[in-house]
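K.L.:
Structure in structure tokens, see below.
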Amino acid sequence: MTGSALVAVRGLRVVHRSAGLFARSAVTAVEDVSFEIARGETLALVGESGCGKTSAARALLRLIPCDAGSVTFDGTDVLALAPEPMRRLRKRMQVVFQDPYSSLNPRHRVGTIVAEGLVVHRLASGAAAQARVASLLKEVGLDPADTAKYPHELSGGQRQRVAIARALAVDPEFIVLDEAVSALDVTTQAQVLALLEHLRDARRLTCLFIAHNLAVVQRIATQVAVMQRGRIVEAGPIAQVFDSPRHEYTRTLLDAVPVSDPRDPRALRGQQAERAQPAVGVANRQ
Amino acid sequence: MTALLEVENLRVTYAGAQRDVAAVAGVSFAVAPGEVVALVGESGSGKTATALAIIGLLGESARIEPGSAIRFEGRDLLRLGEPEFRDLRGRRIAMVFQDAGAALNPVMRVGEQVAEAALVHGERDKARARAMAVAMLDRVGLPDAARQARAYPHELSGGMKQRVMLAIALLLKPSLVIADEPTSALDVTVQRQVLSLLLELQRESGTAVLMITHDLGVVAETCSRALVMRRGELVESATVDDLFHAPRHAYTRELLAAMPRLARPVPPG
């Protein structure tokens with residue numbers, strides 16, 4: 001896998017520091033995190049809040065500084081890049097955030113938002129940019145007429161489609177999806193997930209999918225890395241990790257996912273009923 | 001068995017800037033004593049407006065339309081004056097909100113907030129109220145409850161805050177608890193612990209629970225019956241088993257199809 005890895009992270013360490021007026025504090029969010037993503041693969045980074053999954057992704061994209069480690073993208077040392085080559089590299093790696101309400105500029109129309117990358121990277125302008133925006137909106141399942149709308153005129157699902165179109169505008173090879181479907185209603189979430197799967201396959205995208213919902217992860221990812229308190233505790237192909245987890249924390253996480261069928265013996269209400277009425281056999285033995 | 005709660009043709013309208021919006025458009029259902037019933041729906045379905053109407057906490061901008069009726073323990077809640085409602089709230093009907101951090105008073109120690117539930121409902125003896133609060137905090141699993149009773153909400157984790165909310169809600173053994181997305185803001189491992197605790201307490205005190213949720217997993221885990229809402233209307237009412245295995249309404253089927261399901265190997269035995 002090493003040879004074909006598009007993204008390789010080695011020994012990443014991220015410390016969040018704050019220098020207040022009265023005290024300084026430092027919290028290690030990510031410690032010695034390493035992973036690789038081969039071209040066309042989707043790696044899911046999973047874990048509960050505060051486990052460091054978002055910090056790791058942001059450091060990888062150089063949106064926040066990191067304290068140790070290396071990030072390689074298609075053979076290039078990302079952390080050592082000068083501003084101008086870094087700007088060019090950004091065209092190849094894009095991100096979609098969780099909250100489509102705060103990640104879109106409320107004063108810009110959809111057309112401007114989606115075209116931003118085209119303009120910044122001087123890929124298209126004028127009528128060519130407009131045509132490109134229209135085709136992107138169609139690709140993510142929006143009406144090209146939505147280009148004149150403001151974010152507040154759209155639903156949560158539509159906004160997330162705009163964020164996806166914006167990310168795709170520059171034809172990236174790698175895309176980070178940071179809880180990109182977590183804030184959506186379940187029917188909308190299913191539609192956006194289907195869209196992401198389709199786009200990934202059609203465009204042969206490599207993805208880093210950050211999520212806390214293991215059922216969603218199982219559907220979309222090929223590889224998974226489980227994070228706890230800043231470290232990766234288990235990683236591997238999704239089927240292997242989910243079907244025979246080796247780390248205690250992975251098992252705890254999997255066991256905590258709500259059942260999807262009330263007849264499942266693991267359902268809480270069944271277990272509760274058993275506890276409330278002790279089995280006769282047990283009572284007899286006492 | 002007679003119903004504990006009967007909601008009949010409930011209509012709630014919010015006054016909007018341009019026009020009024022019907023959040024709840026004629027909803028009828030009943031909850032039996034001790035039952036755990038899910039009120040399921042996506043955002044904007046009217047599930048929270050229904051809950052707030054029951055507990056009498058709809059804001060100024062909302063109105064309950066004539067013809068609506070909410071009967072609880074034989075009384076028509078829509079005809080109750082505020083003093084009578086206040087006596088009922090917390091003692092007979094309690095509510096657990098999604099965001100415990102926002103629902104708890106940030107400048108009041110958590111033990112104080114639990115004891116307050118007893119004190120406003122007639123407990124005169126402060127020492128006894130304090131003892132009740134500590135015992136309840138211990139019951140909901142707050143470690144070292146006697147000491148932690150002195151903590152402020154910000155000193156507790158999200159899961160612990162939600163346990164405190166459960167302690168407040170269940171202290172007086174109400175006959176109905178309305179839980180509005182009680183675990184949606186929690187991590188999945190904490191969610192399971194809190195739901196398990198809610199079911200234990202509910203069984204112990206014979207309390208009925210109206211579980212408001214968007215998460216069909218939570219429904220499958222905890223409820224025996226479910227009501228599905230969409231755009232202010234009740235589209236399906238069924239046992240949870242039927243809901244999952246013989247859904248009648250197209251929207252219920254759509255929700256079930258969209259539900260993320262974790263496929264796992266069947267456990268041995």
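Where a number appears in this text, it was derived from the coordinates with a stated rule and is not lab data. Note that the coordinates shown come from a computational prediction; the quantities given were computed from them, not determined experimentally. FYI the Cβ positions are ideal-geometry reconstructions off the backbone, even for glycines, and counts take in every protein chain you see.
K.L.:
Give me, ordered by chain and number, the residues 5 or more places off A:Ser155 or on other chains with an amide H under 5 Å from its own placed amide H.
P.N.:
Under 5 Å from the amide H of A:Ser155: no residue qualifies.
K.L.:
Turning to a different aspect of this structure: Can you give the relative contact order of the range B:149-269 as a percent, counting alpha carbon pairs under 8 Å and 6+ residues apart?
P.N.:
Values: 94 pairs, mean separation 21.1, N = 121.
Contact order relative to length: 17 percent.
K.L.:
If the elastic network links every pair of Cα atoms under 10 Å, which of B:Ser61, B:Ser175, B:Ser184 fluctuates the most in the Gaussian network model of chain B?
P.N.:
Maximum fluctuation in the GNM of chain B, among the listed residues, is at B:Ser61.
K.L.:
List the aspartates and glutamates whose alpha-carbon lies under 19 Å from that of A:Lys149, not counting same-chain residues fewer than 8 positions away?
P.N.:
Reachable aspartates and glutamates: A:Asp99, A:Glu116, A:Glu139.
K.L.:
I want to verify a result. In a Gaussian network model of chain B, Cα cutoff 10 Å, which of these has the top mean-square fluctuation: B:Leu199, B:Leu80, B:Leu170?
P.N.:
B:Leu80
K.L.:
For the range A:1-149, build the convex hull from the C-alpha positions and give me its volume per residue in Å³. Please report the intermediate quantities before stating the final value.
P.N.:
Working: hull volume 25.2 nm³, N = 149.
That works out to 169 Å³ per residue.
K.L.:
What helices does chain B have that are whole DSSP H segments, at least 15 Å long along their own axis by Cα, and with mean Kyte-Doolittle hydropathy of -0.5 or more?
P.N.:
Values: long enough: B:126-139 (19 Å, -0.01); B:158-170 (18 Å, 0.85); B:188-205 (26 Å, 0.16).
Within chain B the helices that satisfy the rule are B:126-139, B:158-170, B:188-205.
K.L.:
List the residues, sorted by chain then number, that are 5 or more residues from B:Glu233 or on another chain and whose placed amide H is less than 5 Å from its amide H.
P.N.:
Counting only residues 5 or more places away or on other chains, the set is B:Ala25.
K.L.:
Hey, what's the per residue convex hull volume over the C-alpha atoms of the range B:5-257, in cubic angstrom?
P.N.:
Values: hull volume 33.5 nm³, N = 253.
For the range B:5-257, the hull spanned by Cα atoms encloses 132 Å³ per residue.
K.L.:
Further question: In nm², what is the average projected area of the convex hull enclosing the Cα atoms of the range A:118-230?
P.N.:
Numbers: hull surface 33.0 nm².
Dividing the Cα hull surface by four gives the mean projection, 8.2 nm².
K.L.:
I'd like the projected area of chain A, averaged over all directions, using the convex hull of its alpha carbons. Report it in nm² with one decimal.
P.N.:
On the way: hull surface 82.9 nm².
Dividing the Cα hull surface by four gives the mean projection, 20.7 nm².
K.L.:
Summing -39500 (n - 2.57) over the DSSP H runs of n ≥ 4 in chain B and dividing by its residue number, what mean residue ellipticity at 222 nm do you reach, to the nearest 500 deg cm²/dmol?
P.N.:
Working: 11 runs with 101 residues, N = 269.
The per-residue figure over chain B is -10500 deg cm²/dmol.
K.L.:
Springs between alpha-carbon atoms under 10 Å, Gaussian network over chain A: tell me which of A:Leu177, A:Leu205, A:Leu63 tops the mean-square fluctuations.
P.N.:
Answer for the Gaussian network model of chain A: A:Leu63.
K.L.:
Here's something else I'd like to know. Any idea what Rg and Dmax come out to for the range B:204-249 if you just take the C-alpha atoms, in Å?
P.N.:
Values for the range B:204-249 (Cα only, Rg and Dmax): 11.2, 35 Å.
K.L.:
Relative contact order for chain B: what percent, with Cα pairs under 8 Å and sequence separation of 6 or more?
P.N.:
On the way: 486 pairs, mean separation 68.5, N = 269.
Relative contact order of chain B: 25 percent.
K.L.:
Using the structure shown, select from A:Lys53/B:Lys47; A:Lys91/A:Lys138; A:Lys53/A:Lys91 the pairs with a Cα to Cα distance greater than 25 angstrom.
P.N.:
Numbers: A:Lys53/B:Lys47 33 Å; A:Lys91/A:Lys138 21 Å; A:Lys53/A:Lys91 23 Å.
In this structure, A:Lys53/B:Lys47 exceed 25 Å between Cα atoms.
K.L.:
Would you mind checking which residues have amide H under 5 Å from B:Arg264's amide H? H placed 1.01 Å from N; only 5 or more apart, or other chain.
P.N.:
none
K.L.:
Here is a follow-up. Provide Rg and Dmax in Å for the protein assembly as shown, with only Cα atoms included in the calculation.
P.N.:
Every Cα atom of the protein assembly as shown included, Rg and Dmax give 25.8, 84 Å.
K.L.:
Still on this structure, please answer the following. Using helices alone, I'd like the mean residue ellipticity at 222 nm for chain A: each DSSP H run of four-plus residues gives -39500 (n - 2.57), total over residue count, nearest 500.
P.N.:
-11000 deg cm²/dmol
K.L.:
While we're here: Can you tell which of B:Val235, B:Ala146, B:Leu186 lies farthest toward the positive end of the dipole of chain B, using +1 and -1 charges on the Cβ of basic and acidic side chains (Lys, Arg; Asp, Glu)?
P.N.:
About the Cα centre, the residue reaching furthest to the positive side is B:Ala146.
K.L.:
Please figure out what share of the DSSP beta bridges in the range B:5-257 is antiparallel and state it in percent, rounded to the nearest 5. Display every interim value, and only then the final one.
P.N.:
Working: 24 of 43 bridges.
Roughly 55 percent of the DSSP beta bridges within the range B:5-257 come out antiparallel.
K.L.:
Before anything else, pin down the relative contact order of chain A: Cα pairs under 8 Å, at least 6 apart, normalised by residue count, whole percent. Mind dumping the intermediate values first?
P.N.:
Details: 479 pairs, mean separation 65.4, N = 286.
For chain A, the relative contact order is 23 percent.
K.L.:
As I understand it, the value is the acute angle between the Cα axis of helix A:156-168 and the longest principal axis of the Cα atoms of chain A; what does it come to in degrees, rounded to 10?
P.N.:
Computed tilt is about 60 degrees.
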